[in-house]
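Enquirer: Would you mind keeping the following structure in view while I ask a few things?
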Amino acid sequence: MGSDHYFCAAPSSEARTRTIRVALAGREVELMTAGGVFSPEHLDQGTRVLLDAVPAPPAAGDLLDLGTGWGPIALTLAMRSPEATVWAVDVNKRALDLTRRNAARLGLHNVNAVRPDDVPDDVRFATIWSNPPIRVGKQELHEMLSRWLTRLDDSAEAAAWLVVAKHLGAESLQRWIGAELGLDVERAANSKGFRVLDVRR
């Protein structure tokens with residue numbers, strides 16, 4: 001096992017792919033994963049909690065999966081909202097490659113798997129779904145959330161949904177988002193040691 005972190009830009013470990021079966025958007029699908037990305041063996045519990053808790057995504061507009069990994073959130077958004085444009089953002093090249101390959105496997109043509117700086121500055125999001133990379137450290141996490149949560153569009157329905165483990169600071173992050181970003185944030189769900197936060201303008 002290599003020493004790569006899933007938030008490395010270019011994992012050094014060998015990209016040995018494997019296929020796993022997961023349930024996304026009411027479908028059983030086979031998807032590709034590999035070492036050097038987040039939760040390569042299975043759909044992690046936090047993401048499952050998020051996907052089970054969020055309401056249906058907007059049918060159109062720009063939708064963001066922040067920290068896409070091998071793509072389960074982005075693929076769910078794309079399957080549930082085929083007319084929308086889904087931005088699957090990650091710093092990890094391998095994660096982006098896997099997300100593109102998985103979208104192709106599922107015949108999804110509305111997924112843009114890109115690095116953060118490749119999202120045009122004028123894009124605003126109708127929704128943001130994220131299992132944010134808490135382990136990057138507080139400063140980097142705060143910078144990332146400051147950059148993206150403030151790009152929700154102006155519609156009354158626009159919301160970001162974040163899942164955070166309670167023992168990794170869900171409560172303090174909730175307070176920080178409200179105090180530092182001036183956004184409305186509420187606890188929308190509480191399951192299996194995770195909290196889902198509903199963030200709005």
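The values are calculated or read from the model by the stated rules, or taken from the named source; none is laboratory data. Since the structure is predicted, the reported quantities are computational estimates derived from the model, not experimental observations. A quick note on method: Cβ atoms are made from the backbone with ideal geometry, for glycine too, and the neighbour counts reach across all protein chains shown.
Enquirer: Please state which of the following conditions ARG135 fails to meet, knowing it meets all the rest: (1) within 20 Å of ALA60 (Cβ to Cβ); (2) in contact with a Phe, Trp or Tyr (Cβ under 8 Å, 6 or more places away or on another chain); (3) in a helix (DSSP H, G or I).
Expert: So ARG135 meets the others, but not (1).
Enquirer: Do we have any residue at all in segment 105-117 that's without any contact (Cβ under 8 Å) to a residue 12 or more places away in the chain, farther than 30 Å from TRP176 by Cα and in a helix (DSSP H, G or I)? So that I can check it myself, show each step before the final result.
Expert: Pass one, segment 105-117, residues without any contact (Cβ under 8 Å) to a residue 12 or more places away in the chain: 107, 109, 117.
Still in the list and also farther than 30 Å from TRP176 by Cα: 107, 109.
Of the ones still in play, those that are also in a helix (DSSP H, G or I) are none.
No.
Enquirer: Could you check segment 118-146 and list, in sequence order, the residues that are touching a Pro at 6+ places or on another chain (Cβ under 9 Å), free of Cβ contacts under 8 Å to residues at least 40 places away in the same chain and under 20 Å from LEU51 (Cα atoms)?
Expert: The answer is LEU145, and nothing else.
Enquirer: Inspect segment 181-200 for any residue being touching a Leu at 6+ places or on another chain (Cβ under 9 Å), more than 17 Å from ASP65 (Cβ to Cβ), outside any strand (DSSP E or B) and not aromatic (Phe, Trp, Tyr) and give the result as yes or no.
Expert: Yes, some residue in segment 181-200 is touching a Leu at 6+ places or on another chain (Cβ under 9 Å), more than 17 Å from ASP65 (Cβ to Cβ), outside any strand (DSSP E or B) and not aromatic (Phe, Trp, Tyr).
Enquirer: Looking at (1) among the hydroxyl-bearing types (Ser, Thr, Tyr); (2) over 17 Å from the mean Cα position of the chain (by Cα); (3) more than 19 Å from ILE73 (Cβ to Cβ), can you tell me which one THR150 breaks?
Expert: Result: THR150 passes all but (2).
Enquirer: Now for a separate question. Within segment 7-20, can one find any residue that is at pLDDT 95 or above and within 17 Å of the chain's Cα centre (by Cα)?
Expert: The answer is no; no qualifying residue exists.
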